[in-house]
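Inspection log for the structure reproduced underneath, given as structure tokens.
The values are calculated or read from the model by the stated rules, or taken from the named source; none is laboratory data. Here the structure is a predicted model, which is why all the values come from computation and not from measurement. All Cβ positions, glycine included, derive from the backbone under ideal geometry; neighbour counts span all protein chains shown.
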């Protein structure tokens, strides 16, 4: 099949290119854009209590804020606030209310917003709006408020800082923008720079950037169309993830093709024959790799968390489009350019000797048991670290702490519990629809004072429907810490349910409760997704290799690599850096970039092992030749992808640093440990049994394929 495809594409390159560009133009011009959501709670299934509480609150409290910020006021001399100071703060709130921005519901200051120790007073700023346009206006409002406060407090001996959710976003928007700019620029520089280093040819280096960029536009168009037809939407991070995935797999497939093309040119083939042979040989690898990754992404449809289930089809579409591009557009362009693609270098004509990959191949061939055991031991030791994984939901702690919003929150905590800005929202609802009695609400508030982890109970807010009321419980510790999330899930929620008056049901909601439910959903999703993905990858590998044995140890290796990567993050961040946990999104990120994309390298190496065996080489020689020929491709592809993520360590945001470090380590383990040592070592040890029950390694022609002259006899030391 791939031979026919190759002959057609190479035989009709202009027709292939023009057709591809025509389809791309139509898709880009007429496809709808993908819609996105930013509220994590919107992606939870409705069966969870935090979602039920949120839905009830939306109807019963239509004026309830969508988000908020606050102004923290203190004396410049550090002394407690006097009565005159409190009066002045109240006046400032009234002045701000007189000309409040459209997205601000009001500036709220009262005796309750003065800290019990008089260290600070806060002015609450509830805000409405969730759309991107409204979020921009909220950010502008925060900047305007900050500009007004110095004049309003001039000569009073008071100073103010603006903090809270919106203020934090405004302060850290530049950090995120800078981070993604760094990653984007680094991606281009690394792909261009490393391919330039490998081939010493500017055309070969720039070509993948251009083609992958256009492919991404086509993918986004098709994803938008699919989203409209099937009714799904992603979160704000989806476009960035698609970009990284496409440049990751696109660079991989391009290198798979180019290394084989160069190999055939060195063997004496003309440019068209070389490309036809290259597509024929790597076509099955690319299509199998793309299928494995797409299926792995589609398994995300089984996720209960809506963010992940939306990622699935979007990423699968992207990878399939990239696979098609790699087998059509890339070969068509390169077949037209021929050897000019390597201009001005002449290195493509020379057969390298004594390369590092050849030496590694020799070592693995001589001692396959040592290679397999040593590499496996490294992965197992790293994987043990994953047992200590703790999810971290505290985004604010990962941002720079020298911003005004971060300083404001530290000032606030001198007088109030940390949970003031993120209370646990308890919705009380009469089961018979009758109005709630004041005595019922007062008793609940009194009982809640003694609930575990509570630092303060706010005044009850009656709902539009008098059968509903809201009581905010302020946690005494950081509301998005692991400790508070576990507290709400395991102790506070059960206690609140027991405290509910007779005939009244209590729903526990708010950010901490949402994160507790997200934690439960994530654990459930990973327990379903990982085994299903493993089975499907094994099936694809079995179809590719016509074997049952090889897919088993390949899938085990991939899952072990996933655990080893997570363990590395735990050792680095929870251990060495002493952080409370690792970002809760990390396991699914590793699923996307390590388990899915890392499978590419194992597929390439295993296919090469089989190919060398079919050339008539015995198992150990086949392992040496596979590493010698396939190693540079795997190393180059792994280095580019790992390097791209490693640059995220320069980002000033802890979450991005954790993601960058972890994925870089995971890709490096996949490329340089599993593909170079573990998989070839096991395959060499098993020999013909690795391909049971098929005969994929049976020689298709007399022995004597290209390459190393040395025969590898079984060694008593291995």
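Among the conditions (1) part of a helix (DSSP H, G or I); (2) modelled with pLDDT of 90 or more; (3) more than 31 Å from the chain's Cα centre (by Cα); (4) surrounded by fewer than 17 Cβ atoms within 10 Å (Cβ to Cβ), the only one that residue 155 does not satisfy is (1). The one condition from (1) touching a strand residue (DSSP E or B) at 6+ places or on another chain (Cβ under 9 Å); (2) part of a helix (DSSP H, G or I); (3) crowded, with 17+ Cβ neighbours inside 10 Å that residue 97 does not meet is (3).
For the stretch 611-639, a residue qualifies if it is under 23 Å from residue 291 (Cβ atoms) and surrounded by fewer than 24 Cβ atoms within 10 Å (Cβ to Cβ), and the qualifying residues are 611, 614, 636.
State whether one or more residues within the stretch 675-692 are surrounded by fewer than 19 Cβ atoms within 10 Å (Cβ to Cβ), at pLDDT below 90 and within 26 Å of residue 286 (Cβ to Cβ). Yes, the conditions are met somewhere in the stretch 675-692.
Among the residues of the stretch 618-639, not a single one is outside the structural domain of residue 483 (by TED's automatic domain parsing) and touching a strand residue (DSSP E or B) at 6+ places or on another chain (Cβ under 6 Å). For the condition at negative phi, modelled with pLDDT under 85 and buried (at least 17 other Cβ atoms within 10 Å of the Cβ), residue 186 qualifies.
Residue 111 meets the conditions (1) touching a helix residue (DSSP H, G or I) at 6+ places or on another chain (Cβ under 9 Å); (2) exposed (fewer than 13 other Cβ atoms within 10 Å of the Cβ); (3) touching a residue at least 40 places away in the same chain (Cβ under 8 Å); (4) over 30 Å from residue 336 (Cβ atoms) in every case but one. The failed one is (3). Here the condition is being buried (at least 19 other Cβ atoms within 10 Å of the Cβ), touching a helix residue (DSSP H, G or I) at 6+ places or on another chain (Cβ under 9 Å) and either assigned to a helix (DSSP H, G or I) or in the same structural domain as residue 434 (by TED's automatic domain parsing) (or both); of 501, 587, it holds for 587 alone. Restricting attention to the stretch 158-179, the residues being surrounded by fewer than 17 Cβ atoms within 10 Å (Cβ to Cβ) and more than 14 Å from residue 400 (Cβ to Cβ) number 1.
Kindly establish whether residue 492 is in contact (Cβ under 8 Å) with a residue 60 or more places away in the chain and more than 18 Å from the chain's Cα centre (by Cα). It is true that residue 492 is in contact (Cβ under 8 Å) with a residue 60 or more places away in the chain and more than 18 Å from the chain's Cα centre (by Cα). List the number of the failed condition for residue 580; all other conditions in (1) touching a residue at least 24 places away in the same chain (Cβ under 8 Å); (2) part of a helix (DSSP H, G or I); (3) closer than 30 Å to residue 475 by Cβ hold. The failed condition is (2). When you look at residue 375, is it touching a residue at least 12 places away in the same chain (Cβ under 8 Å) and assigned to a loop (DSSP other than H, G, I, E, B), yes or no? So residue 375 does not fit the description; no.
Residue check: is residue 119 part of a loop (DSSP other than H, G, I, E, B) and more than 36 Å from the chain's Cα centre (by Cα)? Yes: the conditions hold for residue 119. When 220, 275 are checked against the criterion of being out of contact with any helix residue (DSSP H, G or I) (no Cβ under 6 Å at 6 or more places or on another chain), at pLDDT 85 or above, surrounded by 19 or more Cβ atoms within 10 Å (Cβ to Cβ) and in a helix (DSSP H, G or I), 220 stands alone in meeting it.
Residues of the stretch 443-454 that are in contact (Cβ under 8 Å) with a residue 12 or more places away in the chain and more than 35 Å from the chain's Cα centre (by Cα): 443, 444, 445, 447, 448, 451. One residue stands out in the stretch 410-437 among those that are at pLDDT 90 or above and within 29 Å of the chain's Cα centre (by Cα): the one that is nearest to residue 118 (Cα to Cα), namely 423.
With (1) in contact with a strand residue (DSSP E or B) (Cβ under 8 Å, 6 or more places away or on another chain); (2) closer than 30 Å to residue 668 by Cβ; (3) surrounded by fewer than 17 Cβ atoms within 10 Å (Cβ to Cβ) as the list, and residue 523 as the residue in question, which single condition is left unmet? Failed condition: (1). Of all the numbered requirements in (1) over 30 Å from residue 502 (Cβ atoms); (2) assigned to a strand (DSSP E or B), residue 471 misses one, and that requirement is (1).
Quick check on residue 326: is it out of contact with any strand residue (DSSP E or B) (no Cβ under 9 Å at 6 or more places or on another chain), under 15 Å from residue 258 (Cβ atoms) and buried (at least 23 other Cβ atoms within 10 Å of the Cβ)? Yes. Scoring residue 478 on the criteria (1) in contact with a strand residue (DSSP E or B) (Cβ under 9 Å, 6 or more places away or on another chain); (2) over 21 Å from residue 61 (Cβ atoms); (3) touching a residue at least 60 places away in the same chain (Cβ under 8 Å) leaves a single failure, condition (1).
Give me the residue from the stretch 77-92 that is in a helix (DSSP H, G or I) and touching a residue at least 60 places away in the same chain (Cβ under 8 Å) and, out of that set, nearest to residue 106 (Cα to Cα). The qualifying residue nearest to residue 106 (Cα to Cα) is 92.
Of the residues examined, residue 652 is one that is under 27 Å from residue 193 (Cα atoms), part of a loop (DSSP other than H, G, I, E, B) and touching a residue at least 40 places away in the same chain (Cβ under 8 Å).
Whether a residue is in contact (Cβ under 8 Å) with a residue 40 or more places away in the chain and not assigned by TED's automatic domain parsing to the domain that holds residue 638 was assessed, and residue 209 does not pass this test.
The condition (being at pLDDT below 90, assigned to a helix (DSSP H, G or I) and buried (at least 22 other Cβ atoms within 10 Å of the Cβ)) is satisfied by just one residue among 261, 256, 308: 308.
One line per residue, one yes/no per condition, for (1) outside the structural domain of residue 488 (by TED's automatic domain parsing); (2) in contact with a strand residue (DSSP E or B) (Cβ under 6 Å, 6 or more places away or on another chain); (3) not in a helix (DSSP H, G or I):
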position	(1), (2), (3)
407	yes, yes, no
410	yes, no, no
427	no, yes, yes
433	no, no, yes
450	no, no, yes
455	no, yes, yes
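Mind telling me which of the residues 492, 543, 536 ends up being out of contact with any helix residue (DSSP H, G or I) (no Cβ under 6 Å at 6 or more places or on another chain) and either in a loop (DSSP other than H, G, I, E, B) or in the same structural domain as residue 603 (by TED's automatic domain parsing) (or both)? On inspection, the qualifying residue turns out to be 543. When 508, 528, 480, 532 are screened for being modelled with pLDDT of 90 or more and more than 30 Å from residue 598 (Cα to Cα), only 508 passes.
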